[in-house]
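Student: Below you will find the structure I want to go over with you.
The values are calculated or read from the model by the stated rules, or taken from the named source; none is laboratory data. Bear in mind that the values here come from a model prediction, so they are computed numbers and not experimental data. Neighbour counts run over all protein chains shown; Cβ positions are idealised from the backbone, glycine included. Quick note on the areas: whole protein, heavy atoms, side chains included, nothing else; ligands and nucleic acids left out. Shrake-Rupley method; radii C 1.70, N 1.55, O 1.52, S 1.80 Å.
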Amino acid sequence: MGGLLGHPEAPRVPRPSHGAAVRGHRDDRRLRPAAVHGLGLIGHGHFPTTAAAWTSFAGLAVLSSVLPFLAYQYGVKMVGPSIASIFLYFLPVYGVAFAVVFLGEAFRPYHAAGFVLVTLGVVLATAPIGGSRVAAVAGSS
């Protein structure tokens with residue numbers, strides 16, 4: 001079997017040594033007290049204590065992680081991974097748009113410039129060059 005994902009021309013991926021795994025585990029143990037403190041289990045951390053705080057926490061998790069992940073997976077199912085991946089470049093655009101709509105943030109000229117640059121980059125990266133994009137991709141395999 002070849003290297004990465006079994007492709008014969010791909011470079012082989014080195015396996016980590018046992019020592020690296022042991023050192024990583026040891027380092028993880030050293031960070032546990034800081035993590036416990038950060039969660040507010042000891043000391044004065046910022047652990048959510050009210051229903052409103054937990055609701056905000058759950059909303060943040062669902063709206064910023066779960067729903068985008070499900071939407072991306074649905075896009076992969078409907079249009080394929082190569083087309084669905086293009087929309088990942090628009091995440092900053094969505095973030096600014098949601099901040100303007102839901103948080104009342106001001107829309108500035110640099111936001112507009114960013115939108116134009118992102119859109120231009122996606123168009124340039126996906127535009128057919130000298131003919132059909134399908135023919136170019138099919139001819140390269």
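Student: Could you check how many residues of region 36-62 are at pLDDT below 75 and either under 20 Å from PHE102 (Cβ atoms) or open to solvent by less than 70 Å² (accessible area, probe 1.4 Å) (or both)?
Tutor: Final tally of qualifying residues: 6.
Student: When both residues are 6+ apart or on different chains and their Cβ atoms are under 7 Å apart, which pairs have a first residue that lies in region 79-91 and is open to solvent by 90 Å² or more (accessible area, probe 1.4 Å), and a second that is not acidic (Asp, Glu)?
Tutor: PHE87/GLY75; TYR89/VAL118; TYR89/GLY121; TYR89/VAL122
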